[in-house]
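Let me begin by presenting the structure, written as C-alpha cells, before commenting on it.
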Amino acid sequence: MAEWNDPRTAAESTGGLNTATVGVPRAARDVGLRSYMLSVYNYMASGVLLTGIVAMLFANSSLINLIVNPATGQATPLFWVVLFAPLGLVMWLNYGINRMSAGTAQTLFWAYAALIGVQFSSLFLVYTGASVAQAFFATAAAFLGMSLWGYTTKKDLSGFGTFIIMGVVGLFVALLINLFLRSPGLDLAISSIGVLIFAGLTAYRTQQIKSIYFAVAGNGEAMTKTAVLGALTLYIAFINMFLFILRLMGNRR
C-alpha cells in the first residue's frame, strides 16, 4: 500500500514539516481539522445508521430467510457469502485506495456497512430487541468518550496502539480456541477484554486520523479518501465493541 496516508512518511519527506500547512495560520488549520474530523464522523455515523436500517429490515421481514433457513434455523449458503464478503471489501479499500476514485471508496464503504447490517440481522434471532438497543447505547457512550479522549489528549498513543493491535490478534485467537472449548468463564473474560481493547483502539485510531489530516491537508481527493478510511477504522472498532458488550449484557431469547 502506498504511503500517502501515513503521516510519518509525509513528515519525513519534507524534513519533518507538512508543506500543506506551512505558513497557514493556526486558527485556519484548526478549522480545517475540525471540518475533516466532522466528515470522518459523518461517514462513520452514516455507516452505523445504514447497518442498523438493513439489520432491522432483514430481521423484521421474510428477508431473514435468505440467510437463516426457517425450517432448520441453520445458516444458508448466502449467510457465509455475506459473512466473508466484508473482509474482501476491507482489503480492497486498504490496498487499492490509491488506484480508486473517492466515489468508489465511498461506495465500497456503504456496501461494507450494508453487508454488516445483513449479518447483524441474525442478532435479533438470538437476543431480545431491548438487549440490542441497550448494548448499542452503551457502545455509543463508550465510543464517544474514548474518541473524544483520543482527539484531545496530548499523550502520544502510537506505542499504546502497537499493544492494542497485538491484543486484537490475541483476542480473535482466543475466540477461535473457545469455539472448541466452549468455556463460559473464558467467554466472559474474552468479552470483557474485547470491550477494553476496542475502546482503546477507538482512542488510538482517532489520534491517528487526526495526525493524517496534517499529511493530506490541501489535497481534496486524498482528504476524502483518508476520511473514508478513517471512518472505516472507527466503524470497525464500534461494531466490535458493540458485539462484545452485547455478549456481556445481552439477554438471549
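The values are calculated or read from the model by the stated rules, or taken from the named source; none is laboratory data. As the structure is a computational prediction, the values presented were derived from the model and not from experiment. In this analysis, Cβ positions are derived from the backbone assuming ideal geometry, glycine residues included, and neighbour counts consider all displayed protein chains.
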| Does the range 48-65 contain any residue that is surrounded by fewer than 16 Cβ atoms within 10 Å (Cβ to Cβ), modelled with pLDDT under 95, under 27 Å from residue 238 (Cβ atoms) and hydroxyl-bearing (Ser, Thr, Tyr)? | yes
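Please determine, by comparing only the residues of the range 133-167 that are among the aromatic types (Phe, Trp, Tyr) and within 22 Å of residue 55 (Cβ to Cβ), which one is surrounded by the most Cβ atoms within 10 Å (Cβ to Cβ).
Narrowing the range 133-167 to residues among the aromatic types (Phe, Trp, Tyr): 136-137, 143, 149, 151, 160, 163.
Still in the running and within 22 Å of residue 55 (Cβ to Cβ): 136-137, 143.
Working: 136: 16, 137: 10, 143: 22.
Out of the qualifying residues, it is 143.
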| field | Output for the range 95-121, where each listed residue is surrounded by fewer than 19 Cβ atoms within 10 Å (Cβ to Cβ) and not in a helix (DSSP H, G or I) | value | 100, 101
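Quick grid of which residues meet (1) of a type in the set (Lys, Arg); (2) free of Cβ contacts under 8 Å to residues at least 12 places away in the same chain; (3) surrounded by fewer than 21 Cβ atoms within 10 Å (Cβ to Cβ):
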site	(1), (2), (3)
179	no, yes, yes
186	no, no, yes
197	no, no, no
201	no, no, no
211	no, no, yes
227	no, no, no
237	no, no, no
246	no, no, no
| query | Is it true that some residue in the range 167-174 is touching a residue at least 12 places away in the same chain (Cβ under 8 Å) and touching a Phe, Trp or Tyr at 6+ places or on another chain (Cβ under 6 Å)? | reply | no
